[in-house]
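Note sheet for the following structure.
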Amino acid sequence: MRVAQAVQQLLAVIERHHSSSKGEDRDWLLTEDSLCVGLARVGTPSQQIIKGKLKELVDCDLGEPLHSLIVCGECHPVEEEALEKLTAYFMGHEDNLKHKPTSNKGIFHMIGLGLGQPGDVTVKGLDAIKKSSKVFLENYTSVMEGGIEAMQTLFDKEITVVDREMVEQSSEEILQCTKNGDVAFLVIGDPLSATTHIDLVIRALDKNILLNIVHNASILNAVGCCGLQLYSFGETVSLPFWEDGWCPDSYYDKICSNMENGWHTLCLLDIKVKEQKAENLVKGLNIYEPPRFMTAADGAAQILEVIKRRASEGRPTPLTPEQLVIGVARVGTKSQALKTCTLEDLALENLGAPLHCLVIVGETHPLEDEYVNMFR
Ligand SMILES: C[S@@+](CC[C@H](N)C(=O)[O-])C[C@H]1O[C@@H](n2cnc3c(N)ncnc32)[C@H](O)[C@@H]1O
């Protein structure tokens, strides 16, 4: 099915709902004015992205399959900006590339490495790395078995590790390197999943730098290893380390709202690398603390703490210590581990080395139950 056909079908559904609810005072959230995004051939040189109101996409011709359609929810201003620039870049992509004036010689390759080990890079990603005169690795949102040494050996390239500060405050320096040739920016997982680096994409597009995004497996799809249907997951949440009286818990409301809809929740767990103690920061000393990774047990204990805190404040706690959860560790590696149990049992479970995440199980299909129960 093509985007235009899907749009025609949705418009027909809206029309049907309107006529069947005539006289009733009902507001349908999906209307012909809802913002939508059409995607075609993602990951190929002829990838296209188009956006517009549902009714505006009714005649769009995105060419050959495969196509997908996104009906947008609420958009953050950064998402709006990214959408604007990406659609401008990827509309008629191949023709654009032929005519694009650019002062930069090289292409900016944003390359997903996948989850397990450096060998999970795609052939396309490896080819782009080999062609690049400069290779950067972002290692503050995820880590990979074998670390940078294993990557340097396999890719046969010198790799410069960049921290959050560098990517967020000195991205110009990274992008400037395309003046001398291709640049590879490596991201563990998928470069546009969970951690989007969308800022870097926007800046590259602003500078008319040619962009090549190489996708790979992400925890957002690989979490399917626990046997739950990805279609039945709601909003993903992130649990931050609590410190110095800073104990945010707004993720709890999102988990509850997913549960109300029967959806599962993927909880990503905080990582702290290159942290500095306040005293070292004040003294201007470049002394960093060892990296810290939140475990599934830490995450479960923190959620139990939120439940306790809210109960003591007389607030509702739909999530209980008996809630079914799955602790998920080192997905994509040989030592991948899963544990299905209650929230309070997970808080006592040692799943070993990082990375961990945890899944709060919503309503399940019998097939999901059967699979999930294998990890008890
Ligand atoms: C901010 S996300 C970055 C995700 C990455 N860009 C991707 O596409 O998968 C990092 C968090 O995802 C989870 N995660 C990432 N890789 C994982 C793995 N292999 N096994 C378990 N959890 C993982 C952890 O909770 C980790 O702290």
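Within region 201-226, the set of residues being in a loop (DSSP other than H, G, I, E, B), away from the ligand (no atom under 14 Å from the Cβ) and surrounded by 20 or more Cβ atoms within 10 Å (Cβ to Cβ) comprises just one member, I209.
Only residues that are within 16 Å of the ligand (Cβ to nearest atom), out of contact with any Lys or Arg (no Cβ under 7 Å at 6 or more places or on another chain) and outside any strand (DSSP E or B) were counted across region 227-246, and they come to 6.
Condition first: in a loop (DSSP other than H, G, I, E, B) and either surrounded by 12 or more Cβ atoms within 10 Å (Cβ to Cβ) or touching a residue at least 12 places away in the same chain (Cβ under 8 Å) (or both). Now tell me which residues in region 69-89 satisfy that. Correct list: C72, C75. If only residues of region 160-216 that are under 19 Å from the mean Cα position of the chain (by Cα) and of a type in the set (D, E) are counted, the one that is farthest from D127 (Cα to Cα) is E168. Taking every residue in region 266-294 that is touching a residue at least 60 places away in the same chain (Cβ under 8 Å) and assigned by TED's automatic domain parsing to the domain that holds L343 and pairing it with any residue that is more than 16 Å from the ligand (Cβ to nearest atom) and assigned to a loop (DSSP other than H, G, I, E, B), at least 6 positions away or on another chain, the pairs with Cβ-Cβ distances below 6 Å are K274/Y288. Among residues of region 148-177 that are closer than 19 Å to N208 by Cα, those with a beta-carbon under 7 Å from a residue that is in a loop (DSSP other than H, G, I, E, B) at least six positions away or on a different chain give the pairs L175/K207; L175/I209.
Conditions tested, residue by residue: (1) loosely packed, with under 13 Cβ neighbours inside 10 Å; (2) within 15 Å of the ligand (Cβ to nearest atom); (3) within 23 Å of I219 (Cβ to Cβ).
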| site | (1), (2), (3) |
| --- | --- |
| R315 | yes, no, no |
| E322 | yes, no, no |
| K334 | yes, yes, yes |
| E349 | no, yes, yes |
| H356 | no, yes, yes |
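The values are calculated or read from the model by the stated rules, or taken from the named source; none is laboratory data. Treat the numbers as computed from the prediction; the structure is a model and nothing was measured. Note that we place each Cβ from the backbone using ideal geometry, even for glycine, and neighbour counts take in every protein chain shown.
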